[in-house]
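Data block below; observations after.
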Amino acid sequence: MTDTTTTFDLGPQARIIARLADGVRDGQLGHATPCPGCAVGNLLAHLTGLSVAFRDAARKDLGPTTDTPPDAAAPEPGPHWRADLAAALDALVAAWRDPAARTGMTRAGGVDLSGEVAAAVVADELVIHGWDLARATGQSYDPDPAALSAAYGFLSAAADAGSGAGPFGPVVPVPPDAPLLDRALGLSGRDPGWTPRS
């Protein structure tokens, strides 16, 4: 199983998310994504919100942003969503570059967890939602290897092999020799073969 405690930089994966967001056309905001209940616009707003929440989790600045449960209603994108997302991603990366972010306990999504685990969780969010966004908008996607490794480690550790349940719902079976991204997607409850017409 991949070690979730390996130190990694969120910067490369955040840049991938920013590139994908720049490639979204306004007419695609209402398109379906592999993320249940989220259109492209909702997903972009969610990425902004989670970036702010995990920025605050890194700073141990606990409050409304870190207490919002992950199953809250899908947010709507604001009029300046591109700039808002870019700024949130920059602040997220800077916050997690502080070594203190990975020490002690923090909170995200209303759940208390260690800084090390929180780092893996946010890597998972960026990797999986990056794929959601790329697949929904017809863009290429090659996640940062270090972030993907951390995401897979978190998902593997959180999955209940006996029940077939992952941290985000039922696991989608994927061959053990499939690419690491596909295996991570399966553990997240995604079908790696999802297309906008499926």
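Figures for the structure shown
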quantity	calculated
Counted charge near PRO70, where neighbours are those whose Cβ lies closer than 12 Å (Asp, Glu -1; Lys, Arg +1)	-4
Around ARG82: net Lys/Arg minus Asp/Glu count, Cβ-Cβ under 15 Å	-2
Difference of contour (0.36 nm per residue) and Cα-Cα distance, ARG25 to TYR141	40.1 nm
Summed residue charge, Cβ within 12 Å of GLY138's Cβ, Lys/Arg positive, Asp/Glu negative	+3
Principal axis dimensions, the stretch 111-198 - Cα atoms, whole angstrom, descending	38, 27, 25
The stretch 50-121 pair-distance distribution - Cα-Cα, 10 Å bins, rounded %	22, 50, 25, 3
Prolate/oblate/rounded label for the stretch 11-187 (Cα gyration tensor, a/c 1.5)	rounded
CD proxy at 222 nm, helix term only [per DSSP H run n ≥ 4: -39500 (n - 2.57); per residue of the chain; nearest 500]	-16000 deg cm²/dmol
Extension reserve of the THR195-GLU76 stretch, reckoned as 0.36 nm per residue once the Cα distance is removed	40.6 nm
Label-point separation, LEU62 to ALA83 (7 Å along Cα→Cβ), nm	3.4 nm
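Bear in mind these aren't lab numbers, they're just calculated from the coordinates by the rules spelled out. What you are looking at is a predicted structure, and each value in this text was computed from that prediction instead of being measured. So basically every Cβ, Gly included, is an ideal-geometry build from the backbone, and we count neighbours across all protein chains shown.
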